[in-house]
Every structure is written in structure tokens, then in C-alpha cells.
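One structure below.
The values are calculated or read from the model by the stated rules, or taken from the named source; none is laboratory data. The structure displayed is predicted, hence computed values, not measured ones. Methodologically, a virtual Cβ is constructed for each residue, glycine included, from the backbone with ideal geometry; neighbour enumeration extends over all protein chains shown. Calculation scope for accessible area: heavy atoms of the full protein, side chains included, ligands and nucleic acids excluded. Shrake-Rupley method; radii C 1.70, N 1.55, O 1.52, S 1.80 Å.
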Amino acid sequence: MEAAVTTLLNALTLIGILSLVGLGLTISFGLMNVTNLAHGEFLTVGAYAVYFTQSFGGSYWLGLVTAPLAAAIVGCALEWLILRHLYEKPIAAILATWGASLVIQQSLELVFGLGGKPVLPPVQGALDLSVAAYPAYRILLICIAAIALGLVLVLVRRTSFGLDIRTVIQNRTMAEAVGINTRRVYAIAFAFGAGVAGLAGALVSPLTTVLPQMGVGYLANAFFVVIVGGAGSVAGLIAGSTFIGGLTSVLNYQMSPSLVQAIVLLVAILIVRVRPNGLLSTAGALR
Amino acid sequence: MLVVSNIRAGYDQIPVLHGVALSVTAGEVVALLGRNGAGKTTLLRTLAGELPVRGGLVRLDSQDVTKIRAYRRARAGIAHVPQGRGIFGRLTVEENLEVGTRAAIGRRKADVRDEVYEIFPVLRERRNQLAGTFSGGQQQMLAIARALCGQPKVLLLDEPSEGIQPNIVQQIAELVLKLAADKGIAVLLVEQNLEFVLHAASRCLVMDKGRIVHTGLTTEFRNEALLKELLAL
């Protein structure tokens, strides 16, 4: 019972993080057809933002607000400087974003120096859940991730900007013809995805050491999530995260992490073989 | 209202329009005729801002819109209903119309969606249905309704009768005529269906090889010999 609850909470932690990181990818990869290999760096930037804030004596909470802003600014710059020129050249975009990823990593190393940086969690200790004790910060993380995803869903489905995004994604030319500034919508949607990845970075920062390369590992998993779940759908994103995060957490309890990665990848390949458009695909409409 | 002088445009390196001039006044319906490949659709897409203008001028009232991007032309009052209608199939009817109101941003404050629903009661009944599930005729109605939500001054219609049952074609022709008259919209129409043209348009322009080669009142086009000569039907 205790093991089951712990595994479930571990899974929820991972699912929450993967969903937040995957959101930006589902927007850029699923909807704009851009393979952004610098997406992991948005998470890294978010984590560094928390470290930076704390190094000036700021609280974790201030860092949590700063992180998505910092990542969104980096995302905005990447879109404006590089990606907007390459929407028609997807292969060039892969190379360009890979280069950008290296530049961001090296810049972080130049500014903050070598080695891992510590981030202090806002709450310490464990919470007694009667059947099991679980770190309080991780429970907080699960709640924040769930709230953030809920807000994303409301934004996409219920707001006028969400409608603009869904419209541009379905038919960019026609969206422009009805009076939507599609360049602006692309830029904002991209920066938004980057910001949410930055939030994920802030959330994981107390659980790990903050390193310039920390985003790389999340990038691969986030791509699995988007491809398995079905690119371009928020429901697919959550389904994909649940699958990848759930499987990883359950297997992690039984065997070594590298074997787990291999098995998860294998199962992901099998799923995509059976359902090429992912578990829940909505074919080009963010829902 | 819409004045086009000597415009040239095309796709990448291939010029299609070689100096087209025309004007459409408020409340007037003008039809563009011509064989396939004459440049009719290219002309509408250029006027809508989808293709860049390589020379000449496009003016809307007194505003020069030659160089501005498509979304700003839409906001200036040029609505485009393209071939294939371009509705957003994965949005509901209501959402399609809401997106249509974006073209009125900065120019008109009132939301005319209720008024548009009065004109198209069928759309109100199905406001929560996904637009992609509609038949061709309903989609065409929706595309026109969406254009009206932007309160346009000029409406560019590309083959509104394409793929639509004959009894609905008649309805749409009457609707276009009525909208132009009631709302003072200048309508420029590309159409292969002569019944539609004879019913709705007051003037016709004939295009060939990227130029306008003949202009006349619609009544003149009831003469079959002339039609054959101009359109090589």
C-alpha cells in the first residue's frame, strides 16, 4: 500500500513536469511544424532564474514568477531572431535550434560558471499521508502543475486569444484573411510554450542540481510525450505524459533507470506503430 | 470604393497579372469572367493581400493598401471568401463567426453577430456544431456570414457556387445581391456559373492572360454569340 501510494505520487510528479515541458513542444512541433531542439533550454533557463533570484536573497516564490518570464523572453528572442525566418524550412529550423540550444547552454555556463547550483525548496520535510510519508515539496509541485495545466486548458478553450491560436493553427492564410495578425500569434504562442517550460524548470529546480545541460534529458522525454499522445492536442499531451510518466515511475521501482528508458522508448515505438497519430490526435486543432 | 490601377502580381518568379485596372463602387456587384488560368483567382488573392503586389496601386476609399499585410487589409475592410470557402472545420459555427469579427477591430465597435444570425437562421440553430460537418452550401453560407461579421466594405467572392446544389446557388446569388444593396458592400465575384452572374452582377469584366480584355453591363452578356467569342465556351 505504502509502495503503491509512493509510486503514484512519483508518477504524478513526473506527469506534471512532462506535461508542462511538453506543452511548448505540442505548440511548436505539433502545430507550427517546427522541431525545436532548444526547447529543453527553456526549462534550464527557468531553473537558473530561480537560482539567480535566490542568490539575491529572493524567495523561491519570487523565483517561480521570474522563471516563466525569463524563459518566455528567451523564447520570444529565439522566435524573432531565428524561427520566424524558417517556418517554411523545417530542416533548417532543426539545425538552427540545435545551434541555439548549444549557445544558450554555453552562455549560462559563462555567466554562472561551471558546476551545479543548488536551489532551496520553499517547504521542507515530509507530509504524513497516513498510509505513507511523502516529501511536502513534491506534493506542492503536483498541485502547482495541475493548476497550471488547468489554466492552460481554460486559456486555449475559453479565451479569445486561445481562439486566435486555434484558428491560426488550422489555416494560417485564412486566419490572416479574417484579420488575425498571425505573426504576432505565432510569436506569442511560442513564447507562451517557452514560459510554461520555464515554469517546469522552476518546479524541478529544488529536486535536482541546476546545470546548463539539465534540459537535454527532458527534451527527449517531452518529444516522446508529444508523439505518443498525439501532437497538437492538450488532451493528447496529458495522455502522453500519463503514459510516459506513469510507466517510467512504475518501472523505476523495479529496475535500473537506463533499462527503464530503453523499455519506455520501445513501448513508445510500438504505440506509434499501431497509432501513427498518437493516442489522442485531433489533427491540427489545439483542443 | 475599391480602385485598382495597373497592378502586377504572380507566384514567385512567375508573373500572372500584367497590369490590371478596375473599380467597384459601394453596393455594386461586379463579376470577373474568363477561362481557367486567366488570372481571376490570382487577382482576388492579390487584392486580399495573400500575394504581394509587384507594381500598381490598390486603394480602398482614400486609403492606399497596396503594401500592407493581409490581416491589415482585412481590418481596413477587404473580406475574402476564397475558393473552397476556407472555413475553420475544427471550430464551431459560433467560433468561426467570432473569428470573423476580428476584421472589425479598430474600425467598428459594435458586434454584428446577432444581425448576421438574423440573415442566416440556420447558423443560429447549429451554432455549437463543428463547421467541418456542414454540407458545401452551408459552408458557403457560413463563409459569407463570417465575412459579414468583419463588417467589410469590399467582399471578394471566389466561385461561391462551386460544389453547391443548384437550388442553393440561386439562394446565394440573391443573398449576395441583397447584401450589396442593403449594406452598401462592393462585391467582386469570380464565377463560372453564368446563371449566378446574370442574376447577381450588374457589370462584368472579362480577363484573359492576366489582363482585362472586355468590360460591359451584364445585360450585354445575355448575347450568346458575344459570350462565345469572349469566353471561348
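Okay, here's what the table says:
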| item | result |
| --- | --- |
| Sole exception among (1) closer than 26 Å to residue B:184 by Cα; (2) part of a loop (DSSP other than H, G, I, E, B); (3) open to solvent by less than 60 Å² (accessible area, probe 1.4 Å) for residue B:89, by number | (1) |
| Residue within the stretch A:83-98 that is within 21 Å of residue A:195 (Cα to Cα), modelled with pLDDT of 95 or more and open to solvent by 90 Å² or more (accessible area, probe 1.4 Å) present | yes |
| Filter result (at the interface with chain B (Cβ under 7 Å from one of its Cβ atoms), in a helix (DSSP H, G or I) and more than 23 Å from the chain's Cα centre (by Cα)) within the stretch A:168-181 | A:173, A:174, A:176, A:177 |
| Pair list, Cβ under 8 Å, 6 or more apart: the stretch B:78-94 residue at the interface with chain A (Cβ under 9 Å from one of its Cβ atoms), other residue open to solvent by 10 Å² or more (accessible area, probe 1.4 Å) and acidic (Asp, Glu) | B:80/B:50; B:88/B:95 |
| Scan of the stretch B:21-32 for residues that are out of contact with any helix residue (DSSP H, G or I) (no Cβ under 6 Å at 6 or more places or on another chain) and either buried (at least 22 other Cβ atoms within 10 Å of the Cβ) or in a strand (DSSP E or B) (or both), ordered by number | B:21, B:22, B:23, B:24, B:30 |
| Filter pass, residue A:232 being more than 22 Å from residue A:107 (Cα to Cα), within 14 Å of chain B (Cβ to nearest Cβ), part of a loop (DSSP other than H, G, I, E, B) and out of contact with any His (no Cβ under 8 Å at 6 or more places or on another chain) | yes |
| Count of residues meeting criterion [open to solvent by less than 70 Å² (accessible area, probe 1.4 Å) and either within 18 Å of the chain's Cα centre (by Cα) or over 22 Å from residue B:189 (Cα atoms) (or both)] in the stretch B:54-64 | 3 |
| Residue satisfying all of: in the stretch B:33-53; in a loop (DSSP other than H, G, I, E, B) and open to solvent by less than 30 Å² (accessible area, probe 1.4 Å); nearest to the other protein chains (Cβ to nearest Cβ) among these | B:49 |
| Residue in the stretch A:26-34 that is over 21 Å from residue A:239 (Cα atoms) and open to solvent by less than 10 Å² (accessible area, probe 1.4 Å) present | yes |
| Every pair of residues 6+ apart whose Cβ atoms lie under 7 Å, when the first sits in the stretch A:88-103 and is over 13 Å from residue A:215 (Cβ atoms) while the second is part of a helix (DSSP H, G or I) and open to solvent by less than 90 Å² (accessible area, probe 1.4 Å) | A:93/A:83 |
| Residue under evaluation residue A:72, criteria (1) closer than 30 Å to residue A:35 by Cβ; (2) surrounded by fewer than 20 Cβ atoms within 10 Å (Cβ to Cβ), criterion not met | (2) |
| Cross-chain or 6+ apart pairs with Cβ under 6 Å, the stretch B:128-144 first and within 25 Å of residue A:158 (Cβ to Cβ), then of a type in the set (Gly, Ala, Ser) and surrounded by fewer than 21 Cβ atoms within 10 Å (Cβ to Cβ) | B:131/B:89; B:132/B:89 |
